[in-house]
Amino acid sequence: MYICYLDESGNVARVGTTPYFILLGLAIPATTWKPKDREVQSVLNRHNLHAEIHTAWMVRRYPEQERIKGFAGLLPDERRQAVVKERKADLAKASMTGKKAVRDLARNYKKTEPYIHLTHAERLAVLRALADLLGSWKDATLLADAQQKAAHPSTAPDEQILDFAFEQIVTRYHYLLTRLSMDVGILVQDQNETAALRLTRLARRYHKGGTRYSTIDRIVETPLFVDSQLTLMVQMADLAAFATRRFFENGETDLFDRIYPAFDRFGGRLVGLRHYTGALPCSCRVCTDHGR
């Protein structure tokens, strides 16, 4: 049996957000889940990180760290205490401009709190080590759909972007299972209250009538939704989805190059990653490897 862990990067809203939406699946044999989980935990322990891997929050710079003289030379607890002190001062200043400023800043601080004992360079080192690890797993396969949101008709609902991406992942996962002669595969998705009902309904439709490209008779059940804080493989999918989005949006290759070999290939052609640009031509590396 195979398990495909799903996560996304970006969101489907087209106004005031990122230009790309990425839905990505990390497919592994169920029998190798436990050793992979141990390998990921070993990397986190080695880098003194005992919290969820949330790549988007880890790659950011924390200005309050950079204001602390000799921060890199402090012990972890000293770093944390110094950052907390700086952040309290920042929140006090923000209170002078209104409740919204305080609320937004407090939200950012809460998201990054697990990582404040690590320098920016140390956080990047964690992510690079994890990306290298994922790229080294010979029996792991990445499947992703990179949606350029502007390529969709302006009259179409934003949710259609998620629908298209999910159909692509489900179809490609089914093809992978068929090619590997695997009778059973399941989907495990990061808990997302907004998308859960929609994806469940789509999955039921696919079980009944297939996708536009294939019948779906090797994937069991609808997606199982889990708390990503408790599931390291979903966190690894988060890292891969983030790296993929930043490649398409900004041309960033540091993390992407480390995971790129894991995307599904068949007959010498990239089949596990689609770059959707509608009718617009594209000659990027992914489209070229895809044979577009």
### Query
Among (1) part of a helix (DSSP H, G or I); (2) under 22 Å from residue 81 (Cβ atoms), where does residue 118 come up short?
(1)
### Message
I'm trying to understand the selection: among the residues of segment 2-52, which are in contact (Cβ under 8 Å) with a residue 12 or more places away in the chain and at positive phi?
### Response
10, 48
### Message
Tell me yes or no: at least one residue of segment 234-249 is surrounded by 13 or more Cβ atoms within 10 Å (Cβ to Cβ) and either in a loop (DSSP other than H, G, I, E, B) or not assigned by TED's automatic domain parsing to the domain that holds residue 6 (or both).
### Response
no
### Task
Could you grab me the full set of residues in segment 250-281 that are out of contact with any strand residue (DSSP E or B) (no Cβ under 6 Å at 6 or more places or on another chain) and in a loop (DSSP other than H, G, I, E, B)?
251, 252, 253, 267, 268, 271, 278, 279, 280, 281
### Query
So is residue 183 under 25 Å from residue 31 (Cα atoms), modelled with pLDDT under 95 and in a loop (DSSP other than H, G, I, E, B) or not?
yes
#### Entry: Residues that are β-branched (Val, Ile, Thr) and within 21 Å of residue 141 (Cβ to Cβ), drawn from segment 246-292
253, 259, 271, 286, 288
### Residue list for segment 165-202, filter: crowded, with 20+ Cβ neighbours inside 10 Å and of a type in the set (Phe, Trp, Tyr)
166, 173
#### Entry: Identity of the residue in segment 243-292, under 19 Å from the mean Cα position of the chain (by Cα) and of a type in the set (Gly, Ala, Ser), that ends up nearest to residue 144 (Cα to Cα)
272
### Summary
Subset of segment 4-58, residues among the aliphatic types (A, V, I, L, M), part of a loop (DSSP other than H, G, I, E, B) and out of contact with any helix residue (DSSP H, G or I) (no Cβ under 6 Å at 6 or more places or on another chain), comes to 13, 15
### Query
Under the condition of being of a type in the set (Gly, Ala, Ser) and modelled with pLDDT of 95 or more, which residue from segment 211-255 is farthest from residue 19 (Cα to Cα)?
237
### Query
If you go through segment 209-231, how many residues are under 20 Å from residue 134 (Cα atoms) and over 12 Å from the mean Cα position of the chain (by Cα)?
3
### Query
Among the residues of segment 228-239, is there at least one that is hydroxyl-bearing (Ser, Thr, Tyr) and closer than 18 Å to residue 151 by Cα?
no
### Query
What do you reckon, is residue 281 modelled with pLDDT of 95 or more and of a type outside the set (D, E, K, R)?
no
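The values are calculated or read from the model by the stated rules, or taken from the named source; none is laboratory data. These figures come from a predicted structure and were not determined experimentally. Backbone-built Cβ (ideal geometry, glycine too); neighbour counts: all protein chains shown.
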